[in-house]
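Student: Dropping the structure in here first, questions after.
The values are calculated or read from the model by the stated rules, or taken from the named source; none is laboratory data. This one's a predicted model, so the numbers in the text were calculated from it and none came from an experiment. Cβ sites come from the backbone with ideal geometry, for glycine too, and all protein chains shown count toward neighbours.
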Amino acid sequence: MGGPAPGRHTLGPHVVGSRVVVRRLVPGETGPSGGPAMTDLLGVCEAWGDGVCVVRPADGVPVTIALRDVVSGKPVPPRPSVRDRVPARVAQEHGFALFPDLVTEALGGWVLRDSATATARRANSVLAFGASGLDGDTDVDRVLAHYDRPIAAVLTGSPEHARLTALGWVPESNESDTLFQVAALAQVSRALRGAAHPDAEVHEAGPGERAGDRSGERAGDWARVTIGDHATAYAALDPAPDGDWLGFGGLAVDPAQRRRGLGLAVVAACVGWGAERGASTVFLQVLGDNAPALALYERLGFRTHHRYRYLTPR
């Protein structure tokens with residue numbers, strides 16, 4: 001009885017180190033249709049040669065496959081990391097910790113955000129990621145009534161983006177999207193090795209200044225990092241159920257002191273502060289037209305998790 005011919009695949013020594021899927025014959029076994037039994041294996045190819053390939057699946061136990069038993073196979077994209085699988089709405093909620101006096105209020109599936117001290121748009125706008133679930137334009141009417149200057153954050157190209165645009169909302173200040181970028185804290189730490197500055201100081205917030213929403217259920221640690229009067233940044237740690245995320249922002253360097261590594265030094269101090277508290281993911285937000293900053297963050301290991309833009313009524 002005929003069956004699949006082994007050896008017809010695009011695998012080879014070139015896939016060592018890559019994630020692959022391999023369909024292989026199971027010697028001595030018969031499949032449901034009476035032909036040869038086959039099974040698929042997904043994992044990282046660790047070796048190829050001497051008539052065999054070795055694939056390590058997710059359970060960590062390597063499997064040795066005779067090349068004569070390989071029916072088909074191909075490289076597959078790497079599995080997204082845990083942080084990449086976090087929904088954009090959840091990732092944005094981690095950013096709430098960056099504003100010590102932030103007050104949030106649910107508007108169906110949207111979130112009204114207000115801060116008495118912060119001027120950042122993400123502390124004074126409605127987070128409209130996904131449908132609000134409210135009838136008609138009730139959600140938009142509530143937003144218009146809530147803010148003196150209404151601003152909505154929407155995922156670029158989303159149904160909410162299209163809906164508000166159709167209602168006459170326009171970009172709030174420019175056409176550039178804001179990029180929410182994430183990285184593994186360990187990777188950023190390695191990239192910043194040697195960037196520490198002896199004069200970097202971490203000023204932690206007192207108990208009454210901790211970040212969190214009205215209920216305090218998401219309260220986290222917050223700190224400001226400085227190097228004299230020359231450079232500053234702030235960091236906040238959000239102890240959320242899906243892992244400790246460290247966010248930083250407010251990075252500023254005295255123009256007269258630039259190109260001395262002070263910006264990297266304050267970022268290194270922020271990351272070190274978060275690492276001591278068990279953070280595993282670090283994130284930041286940057287405008288999509290800020291090419292120098294994006295190039296720097298890419299070198300540190302950051303990549304874009306999602307992109308969004310701010311809209312306001314015309």
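Student: Residue pairs, Cβ under 7 Å, 6 or more apart or interchain, first in the range 280-306 and farther than 18 Å from residue 268 by Cα, second basic (Lys, Arg). List them.
Tutor: Listed pairs, sorted by first residue: 288/307.
Student: Still on this structure: Quick check, is residue 256 among the small types (Gly, Ala, Ser), surrounded by 15 or more Cβ atoms within 10 Å (Cβ to Cβ) and either farther than 30 Å from residue 149 by Cα or in contact with a Leu (Cβ under 9 Å, 6 or more places away or on another chain) (or both)?
Tutor: no
Student: Tell me the residue from 256, 269, 235 that is modelled with pLDDT of 90 or more and more than 27 Å from residue 103 (Cα to Cα), please.
Tutor: 269
Student: Continuing with the same structure: Does residue 97 satisfy the condition of being of a type in the set (A, V, I, L, M, F, W, C) and under 20 Å from residue 311 (Cβ atoms)?
Tutor: no
Student: Does the range 75-110 hold any residues that are under 22 Å from residue 145 (Cβ atoms) and part of a helix (DSSP H, G or I), and which are they?
Tutor: Those that are under 22 Å from residue 145 (Cβ atoms) and part of a helix (DSSP H, G or I): none in the range 75-110.
Student: Ok, one more. Which condition from (1) of a type in the set (S, T, N, Q); (2) part of a loop (DSSP other than H, G, I, E, B); (3) in contact with a Cys (Cβ under 9 Å, 6 or more places away or on another chain) is the one that residue 33 breaks?
Tutor: Here residue 33 clears every test but (3).
Student: Do you know which residues across the range 182-199 are in contact with a strand residue (DSSP E or B) (Cβ under 6 Å, 6 or more places away or on another chain) and more than 13 Å from residue 301 (Cα to Cα)?
Tutor: Matches in the range 182-199: 197, 199.
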